[in-house]
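Notes follow once the structure below has been shown.
The values are calculated or read from the model by the stated rules, or taken from the named source; none is laboratory data. Everything numeric in this text was worked out from a predicted model, so none of it was measured. Ideal geometry is used to build each Cβ from the backbone, glycine not excepted, and the neighbour counts take in all protein chains shown.
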Amino acid sequence: MTAEAETADLGTNVPLTIVLCRTGKQWEGPLAADAQAAAMTVVECRTMVEVLLRCENDAVDVVVLPDDLPRLHEGLSRLRALARVVVVGGAGDCPADQADLNHVLRSAGHNAPEPGRIVTVWGPPGSWGTTTVACGLAEGLARDDATVLLDANVHAAGVGDRYGLALGGLLQSCLAVDRGADDLPCTRLDTGLHVLTGVEPAMYPAVHPGAFAQVLATATRRYRHVVVDVDSAVDPGADIGLVPDWTTATMIALASAAHVVIVVGDTPAAQQRLWRSLPGVVETVTGKVTVVINRCEDPRAATTRVAARLGQFLPEAAVGFLSSPMLPRALDPIVSEVAR
């Protein structure tokens, strides 16, 4: 399923065409980015004359205008005969502080796109290949849907290293939230996957609960799948207040996830660490859970052993395995499970 808007009165899945008249308002950039991420066509104009010409010559579904646009009232009646118009601000159709894609489309009589789903990849301390699985899962999902891979491991960010990208994406996003803006400085890879790199360990306080939750919310508006790679440390008893600790980002990502993928090695020591950490994870997780045994030498014995004890904590969780080395398509069954 793609993040395409559905036309309410026609009941079709045809992507919308939106004409956006930009005059420098703060809400215009995030609105355009959200619409483009939802597979809509965004046409930007600067004046009422440009808007009228575009609407008279092309098929347009929605026109979005600021309430202080020069000559707005002169052209408004003509525009409303050509397309559905949303005036943002003041006594318009949509307040400026609510001018996100959902509110604008509802004001125009269209259904908003369904929000994306968060998939959090976690492993107990010393897990093998948590970041590798997160990257492979995101690459698989990106083959069919808009996907962003977000590095929220504030203790040891590794996603950027895998793709040769500099750290700082998550930091910039959180600082933008503190300024009142929605900014996701992602890097688009050749695969179509978008990556938001992590933070230097010393900068983890910037990833405070309010900012990080807002970053996740923005990501779900713009992408069908949001894959989050997190640290192993969990502390369900910690107070997620204004001041974060090392576990804050992990706990928020686990609690927000529609699907949690747990990665554990195929050794007694690795699985003992899983059983020690799992109770804290269970207290936090509300979505579906899949456990992946990595570098698995005897799939039947390993999955049976883990599934038997896992039932004490997560009786409905699925258990899968990955052999060593992990082939590019080895994650396909898990990709299909998450996509469903």
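Of everything in the range 300-318, what is exposed (fewer than 15 other Cβ atoms within 10 Å of the Cβ) and not in a loop (DSSP other than H, G, I, E, B)? Give them in sequence order. ARG300, ALA301, THR304, ALA308, ARG309, listed by residue number. Yes or no: the range 92-113 includes at least one residue that is of a type outside the set (Asp, Glu) and under 30 Å from VAL282 (Cα atoms). No, the range 92-113 contains no residue that is of a type outside the set (Asp, Glu) and under 30 Å from VAL282 (Cα atoms).
Annotation note: of GLY136, GLY164, GLY140, GLY160, the sole residue that is on the phi < 0 side of the Ramachandran plot, without any contact (Cβ under 8 Å) to a residue 60 or more places away in the chain and in the same structural domain as VAL234 (by TED's automatic domain parsing) is GLY160. The condition of being among the small types (Gly, Ala, Ser), over 14 Å from the mean Cα position of the chain (by Cα), assigned to a helix (DSSP H, G or I) and in the same structural domain as LEU193 (by TED's automatic domain parsing) holds for only one of SER232, SER277, that being SER277.
Here LEU331 meets each of (1) over 13 Å from HIS259 (Cβ atoms); (2) at pLDDT 90 or above with one exception, condition (2).
Would you say VAL148 is crowded, with 19+ Cβ neighbours inside 10 Å, more than 21 Å from ALA339 (Cα to Cα), in contact with a Cys (Cβ under 7 Å, 6 or more places away or on another chain) and not basic (Lys, Arg)? Spelling it out, it is not the case that VAL148 is crowded, with 19+ Cβ neighbours inside 10 Å, more than 21 Å from ALA339 (Cα to Cα), in contact with a Cys (Cβ under 7 Å, 6 or more places away or on another chain) and not basic (Lys, Arg). Which of the residues belonging to the range 261-277 are buried (at least 22 other Cβ atoms within 10 Å of the Cβ) and either in contact with a helix residue (DSSP H, G or I) (Cβ under 6 Å, 6 or more places away or on another chain) or more than 18 Å from GLY129 (Cα to Cα) (or both)? Residues satisfying the conditions are VAL263, VAL264, ASP266.
Residues of the range 176-195 that are exposed (fewer than 15 other Cβ atoms within 10 Å of the Cβ) and either touching a His at 6+ places or on another chain (Cβ under 6 Å) or at pLDDT 95 or above (or both): ARG188 alone. Answer yes or no as to whether THR218 is in a loop (DSSP other than H, G, I, E, B), within 25 Å of HIS259 (Cα to Cα) and touching a residue at least 12 places away in the same chain (Cβ under 8 Å). The answer is no for THR218. Just one of (1) more than 20 Å from the chain's Cα centre (by Cα); (2) closer than 30 Å to GLY210 by Cβ fails for ALA269. It is (2). Name the residue that is surrounded by the fewest Cβ atoms within 10 Å (Cβ to Cβ), counting only residues in the range 280-299 that are in contact (Cβ under 8 Å) with a residue 40 or more places away in the chain and part of a helix (DSSP H, G or I). Looking at the filtered set, the residue picked out is GLU283. If you go through the range 258-274 and pick out every residue that is touching a residue at least 12 places away in the same chain (Cβ under 8 Å) and either outside any helix (DSSP H, G or I) or touching a Gly at 6+ places or on another chain (Cβ under 7 Å) (or both), you end up with 11.
Residues in the range 27-65 that are touching a helix residue (DSSP H, G or I) at 6+ places or on another chain (Cβ under 8 Å) and assigned to a loop (DSSP other than H, G, I, E, B) were compared, and the one that is modelled with the lowest pLDDT is ALA38.
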